[in-house]
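Down below is the structure, laid out as structure tokens.
Every number in this text was worked out from the coordinates using simple rules, so none of it is lab data. These figures come from a predicted structure and were not determined experimentally. Ideal geometry is used to build each Cβ from the backbone, glycine not excepted, and the neighbour counts take in all protein chains shown.
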């Protein structure tokens, strides 16, 4: 399969205290006009407020399809939701959760990255957008975007190419794996297969191992509502 598209936006942000009585966040991002270094820890100038659940090698870079914003605008009757608005680092037109797979390796600018997992939306998305059901909407829709790990550092900027160079897991689209993880739409056998998938982020592999062992319930209240 040949995939080569153009990077439409690259975004970074710092940690801010934005909401009284709530933890800080780095979900608000700004568009960069220049190329920036990308390492295994993410983009230069980008930050995460809570390193227990954000950032790290398996979540170095978040990619959100720019075309999803049109759908959100129609569904929510809002015109203020634009690329970069959900805390992503990279925006493109032409790829969605249905057309990329866990383990996909891409050349991104001069860096090499690999899709590691989908996104588990949290309450900060609610606070950031002013919609107390936004995290739930993300999860229910499957329009969550995905994370990359960085296999080789480099630089990335608006206008660079994103080119697929390897697809080791063609049966496991990001959409399919994210539905399995967030909505438990997975059989025991599938959960066991995902638990053993080396390309999948360690935290998701552990979650699928628990599902394969019969643990089907997960309390998501704190994550989705804060």
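Close contacts from the range 198-209, counting a first residue that is in contact (Cβ under 8 Å) with a residue 60 or more places away in the chain and a second that is part of a helix (DSSP H, G or I) and crowded, with 16+ Cβ neighbours inside 10 Å, with Cβ to Cβ under 6 Å and a gap of 6+ residues or different chains, come to 201/58; 204/181. Residues in the range 156-167: is at least one over 17 Å from residue 5 (Cα atoms) and buried (at least 16 other Cβ atoms within 10 Å of the Cβ)? For the range 156-167, residues over 17 Å from residue 5 (Cα atoms) and buried (at least 16 other Cβ atoms within 10 Å of the Cβ): absent. Scanning the range 171-190 for residues that are in contact (Cβ under 8 Å) with a residue 40 or more places away in the chain, under 15 Å from residue 119 (Cα atoms) and either surrounded by fewer than 12 Cβ atoms within 10 Å (Cβ to Cβ) or in contact with a helix residue (DSSP H, G or I) (Cβ under 9 Å, 6 or more places away or on another chain) (or both) yields a total of 5. The residue of the range 76-124 that is surrounded by the fewest Cβ atoms within 10 Å (Cβ to Cβ), among those that are more than 22 Å from residue 27 (Cα to Cα) and touching a helix residue (DSSP H, G or I) at 6+ places or on another chain (Cβ under 8 Å), is 98.
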